[in-house]
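Student: The structure that follows is given in the form of C-alpha cells.
Bear in mind that the values in this text are calculations on the coordinates, not laboratory data. Being a predicted model, the structure only gives us computed values, none of them experimental. Virtual Cβ from ideal backbone geometry, glycine too; neighbours counted across all protein chains shown.
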C-alpha cells in the first residue's frame, strides 16, 4: 500500500530532522565545556592563539602543568619572580565539599521528615504553613543580603563553617519540603497502615516501608540542593571571605588581579565541576520522574 | 477470635460527619458484611475498628475491652485493603512474612506459616515474584495470605473484591466464605456491592450517610426492609417505588399521579394507621412480584414498554405507567418491542408500604 | 448516521504484542454493537483504531462510505466518550458542550439552539451554568455524552463509559443510554468488560479474547448458544458450568462414572464432529433443577454452599471435586451437606470439544 510507504518515508525525514536538531542543541551547550576542558590542558600562551586550537594532540600538545600548579604551588607572580606560593584552591575545594555536603544532607533529612508530617498528618494551619515555606523562595535572595549580614555579625557566625552551612540549609529546606511532600502524597498511606496493622509502630513502618521508596526522590532532591549550595557565590563571598571560603569566590578572586592565568583557571573550573558531575551521573536514574522502581502496577 | 462492639461511634473530618452514632455488635466468629453506597462511612468505621482512625466520639470494644488508645499493632487485627497495599519492593514471600517478623517469630516458624498459608490460597508458586508482576487476583490472594499468616482476633476487609474482574469476584466470594469457616474467625467485611453482602454475610448491616439503617440476616433485609433506603439498595434489580395515597372510604391505594388505583390488603389497612399523613405514602414492589401481559384484564394497570434489558437468565422490562416507571422481571423468552401497550399486575401480598415523610417501613 | 466496517484489522505493538488479529466486524447503521472481553483482549485497541487514536498495522476501516485509514481522529466525523469523561474542568457545562461547535465556527444562535436541544434530551438543562467539579458522576457522564452528541457525528465510540459509576447509577445510566440510542438511532461502538452491560445494552455483542473475535450475535444468542468455551465461560452471571465428560454410546459420562443420557441423534452429532475423546458439557445454573435425595436426577452431588440472593438462591454443589453453581427460586430450600439430584434441562445443554474449544451441539 503506497499510503503506508508514504507515511513511512515522511516519518524517516522527520526522524532525521529531529536528530539534527538534537545535535545542534547539544553542540550549543557542550561547546563551552569542551573549550574549558581543552584550555585547562594548554600553556597560557597557547590559550589566546587565533585561530583557536580545539583538538588535543592534533592541534596542540596537552600539558598537565595547570593541574599540578593549581593543586600544589604556583609561581608567585611577575613581581616576585622565582618564588612560589601555596595554591589556596585545595582548601577552598575542601570547604566547598564539606559545606555543601553537610548542608545538603541536613536539608534533605530535615525536609523529608517535615514533608512526611505535612503529607500524612492533619496539622492546623497546614495550608498556611506550607505557603509560608514556599514564599521564602519567592524573594530574590539578594534582598536578604544585608539583614543576613547583620545577623551573622551579631551572632559571630561570619567566617565560620557552621554559619554558612546553616544558611544553605535554610535556603534548601523549602525546596526539599515541597518536592518530598508531593512525592509522599503519591505514596498511598495504606503501606504504612498495613505495616502498622502487621505489628510495627508508625516510626518502624515508615523506616521499613516508606523510606526505601523515598530514597530515589531524596537523591534527586539532594542533587538540586547540592548544586545550589555548590555554586552559591553572593552570600559566601560576603560572609566567608577568609579561611572558610568556597571555590566560587576563590575563582572570582583569581580573575581580579592583572593578567589572568586562563589555563590555571580552566583547570580549577574543571576540578570544581567534577564532583557535581560525578554525583549527578551516579544518581541519574533517580532523576527521571516517573521511574517507580518496584511499585505495584494497577 | 473475638467479638466487636461498636458503641455510638461518631467520626467527623472537619465539618463532615462520616459516621454518625453507629452502634453495632458483631458476634465472635460471625461473618458480618457492612454494605452501603460510596461515602456511607463504611471504610471510616472499619478504620476506627482497626485503630487507623481515632473516633471523635464513642467506643470500639473487642470482647468487651475498650480499645481506646490501643495502637493498631496491639489490637491484633488483620486488614485487607481495597488496593491490597502490598509492599512494592518486597517479594511475595517477604510480604507475607512481614507480620511475623514484626512479632519476632523465628525464621523456621515464619517459613512454616508462610508455606501453610500460601498452600491454602494456592499461591505457593509465586513466592519470589514482586507485586507488580502479579495479576489482580494474585495480588488479592497475597494480601489475604498476609492477613491470614498470623492468627488475628478479627479480619477486617475493605472492599477487597472491587478491583477484580467479575469472573474472579464470583470465585473469590465463595472462597472467602469457605476460608472464614475454616479459620473460624470473626470477619468484618465492608462493600458497596449488595450481591456480595447477600451471598457472604451471616448478617448484613446497611449503612447510609454514616447512619446504620438496618442489621439482620439476608432474609430479614430482603423481605422486611426497615426503610426505603434498605429496600432500594438491597436486591439486584431495584424495588419499584410508587407514590400513593390511602383512600379510607374506598379501602384503596391511589396513585398520586392519578394513573391507577388498587385495593389495599387487610394488613395494609391496619398498618397504614401508623402514619401521620395518609396522603403521602410510597408503595414498594419488587420486579419479580409484578406480572406483565400484552393483553388487558380488568383490574390491571396499563402502561407502555420503555426498554427491555435481556440479562440472559431473565429479562427486566421497564414499563412506563403514566409518568412513573415500573421494572418487571420476566422469563428470558418474553420479548417485546419498545412502545408496545401492556398491562401489569402487582402481587399485593408481597408489597411494602413506606411512610412518605419518614421513609420508614409501615409493613 | 452510518455504518462502521472493520476489515481484516491487525494491530501489533512495537514490543511485539499482537493486540488485534485479523478482525472482521461490521456495525450496521443505527446499531449499538458491544465489544466485550476481559482486559487485554484488544477491544480498546480496536476502538482506538476505529477512532484514529491508534494506527493499525494492517487492515481497513470504513466509516460511512469512505475509508478512513489515513484520516486523523478529528477528520473521521466520530465522537469519542472516554472512561474518565475528560470534561474541561474550568469552564461551565454549557461551554463544555458548545466547545466542539465553536471550534467549527457555528453562529452564536445556532450554538445556543443546539446546546439547549441536547441538554433537554439528556435532561441536564438545569446544570448548564455549573462547573464539572460540582456535578455528580451521573451528571458528568451526561455532559460528556452531550459534548459528543452536539456535532451529530456519524458514530459514537464509547470506551467503558460506565465503569467508574456506583452499581446503582450504572444500572440507571445503562437504561438511559439504551433508550437514548433507540430514540436517536445513533450508530454506537461500545467497549466494556462487564457482560451484564453488554447483554442489556447491545443490539449485538462481539466477544473478543486475546485479539481474536470469538463470536458475534444478539445477546440472547451469545447467551443461549455460545460457540466456544471462552464465550460460554465469560458470558452469564454466574458463569456457565463447564464439566469434563466423555461420550459413551448415548450418554455423557463424568469422571466418577455418572451418566447423562442423551438423545441418539444428539449423540451421533457429537460423535461425528468430535476431534478427540475429551468433551466439555456446558449447562447454566438456571437450567439445573435440584431434588432432595440423590436418586432420580441425572447426577448426584452434595450441597457445598448456599447463598440467598433475595429473589433467588445460589447453591454450589460438589461434583467430582468441581463446584457446580445452581440457582433456584428462593422458596426452595436445601441444606449444606445435603445430597441432591441434579436434573439438567436437555434443551439447554451445550457440548464442546475439549481440545478445539468449539461447540459440537
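Student: Taking a temperature of 4 °C and a viscosity of 1.567 mPa s, what whole-number D in µm²/s does Stokes-Einstein yield for region C:251-316 with Rh from Kirkwood over alpha carbon pairs?
Tutor: 90
Student: Can you tell me the orientation of helix B:166-183 relative to chain B, as the angle in degrees between its alpha-carbon axis and the longest Cα principal axis, to the nearest 10?
Tutor: That helix lies at roughly 60 degrees to the long axis.
Student: Here's another thing I want to ask about it. Quick one, can you get me the convex hull of the C-alpha atoms of region B:195-236 expressed as volume per residue in Å³?
Tutor: Considering the Cα atoms of region B:195-236, their hull volume per residue is 65 Å³.
Student: Over region C:4-232, what portion of Cα pair distances is larger than 27 Å, expressed as a whole percent?
Tutor: 34
Student: Gaussian network model of chain C, Cα springs within a sub-10 Å range: biggest mean-square fluctuation belongs to which of C:47, C:314, C:145?
Tutor: C:314
Student: Something else: Using Stokes-Einstein with the Kirkwood hydrodynamic radius over Cα pairs, what translational diffusion coefficient do you get for region C:240-353 at 4 °C and a viscosity of 1.567 mPa s, in µm²/s rounded to a whole number?
Tutor: D, rounded to a whole number, is 89 µm²/s.
Student: What fraction, in whole percent, of alpha-carbon pairs in chain A exceed 24 Å separation?
Tutor: Tail of P(r) above 24 Å: 66 percent of Cα pairs.
Student: Rank by packing, highest mean first: peptides A:84-96, A:47-59, with packing defined as the count of other Cβ atoms within 10 Å averaged across residues.
Tutor: Going from most to least packed, we get A:84-96, A:47-59.
Student: Moving on. Just rank C:303, A:153, fewest to most, by other beta-carbon atoms within 10 angstrom.
Tutor: Starting with the residue having the fewest Cβ neighbours, the order is A:153, C:303.
Student: Give me the Å³ per residue figure for the convex hull around the C-alpha atoms of region C:236-283.
Tutor: With only Cα atoms used, region C:236-283 gives 88 Å³ per residue.
Student: So what's the angle, to the nearest 10 degrees on a 0 to 90 scale, between helix B:107-120 and the longest Cα principal axis of chain B?
Tutor: 30
Student: Let me ask another. For peptide B:307-317, what's the mean number of Cβ atoms from other chains within 10 Å of each residue's Cβ?
Tutor: Going residue by residue through B:307-317 and averaging, the value is 6.
Student: Can you sort A:16, A:99 so the residue with the fewest Cβ neighbours within 10 Å comes first?
Tutor: With the sparsest Cβ surroundings first, the list reads A:16, A:99.
Student: If I take the Cα coordinates of region A:2-63 and project them onto the principal axes, what are the three extents in Å, biggest first?
Tutor: 62, 20, 18
Student: Here is a further query. In Å, what Kirkwood hydrodynamic radius results for region B:76-203 from the alpha-carbon pair distances?
Tutor: Value: 14.8 Å, from the Cα pair sum.
Student: Can you tell me the orientation of helix C:264-273 relative to chain C, as the angle in degrees between its alpha-carbon axis and the longest Cα principal axis, to the nearest 10?
Tutor: Approximately 60 degrees, to the nearest ten.
Student: Using Cβ counts within 10 Å as a stand-in for footprinting exposure, how do A:255, C:222, C:175 rank, fewest first?
Tutor: Listing A:255, C:222, C:175 from fewest to most nearby Cβ atoms yields A:255, C:175, C:222.
Student: Let me ask another. Under the definition of partner shielding as Cβ atoms of other protein chains within 10 Å of a residue Cβ, what is the mean value for peptide B:222-232?
Tutor: If you average over the peptide's residues, the count of other-chain Cβ atoms is 1.
Student: Other chains' Cβ within 10 Å of B:83-92 residues: what's the mean?
Tutor: Average neighbour count from other chains, rounded to a whole number: 6.
Student: Send over the per residue convex hull volume for chain B, Cα only, as a whole number of Å³.
Tutor: Considering the Cα atoms of chain B, their hull volume per residue is 165 Å³.
Student: Find the percent of Cα-Cα distances in region B:241-299 that exceed 13 Å, and round it to a whole number.
Tutor: 66
Student: Taking 2.2 N^0.38 Å as the expected size of a compact globular protein, what ratio does the Cα radius of gyration of region B:132-234 give against it, to two decimals?
Tutor: Here the answer is 1.15, to two decimals.
Student: Suppose each label sits 7 Å from its Cα in the direction of the beta carbon; what would the residue A:61-residue A:31 distance come out to in nanometres?
Tutor: 3.0
Student: Now for a different question. Please report, for the Cα atoms of region A:108-245, the Rg to one decimal and the Dmax as a whole number; what are they, in angstrom?
Tutor: 17.9, 55
Student: Just the number, please: Stokes-Einstein D of the protein assembly as shown in µm²/s, Kirkwood Rh from C-alpha pairs, 25 °C, 0.890 mPa s.
Tutor: Diffusion coefficient, whole number: 71 µm²/s.
Student: Another one. Provide the three semi-axes, in whole Å and in decreasing order, of the ellipsoid equivalent to region C:139-202 as defined by the square roots of 5 times the Cα gyration tensor eigenvalues.
Tutor: Over the Cα atoms of region C:139-202, the semi-axes work out to 18, 13, 11 Å.
Student: Can you give the FRET efficiency to the nearest 0.05 for residue A:170 and residue A:68, using r as the Cβ-Cβ distance and R₀ = 41 Å?
Tutor: With R0 = 41 Å, the Cβ-Cβ based efficiency is 0.60.
Student: If you build a Gaussian network model of chain B, linking Cα atoms that sit under 10 Å apart, which residue out of B:104, B:211, B:173 swings the most?
Tutor: For chain B, modelled as a Gaussian network with Cα springs under 10 Å, the answer is B:104.
Student: Top mean-square fluctuation among B:321, B:185, B:80, Gaussian network model of chain B, C-alpha springs under 10 Å?
Tutor: Most flexible of the set in this elastic network: B:321.
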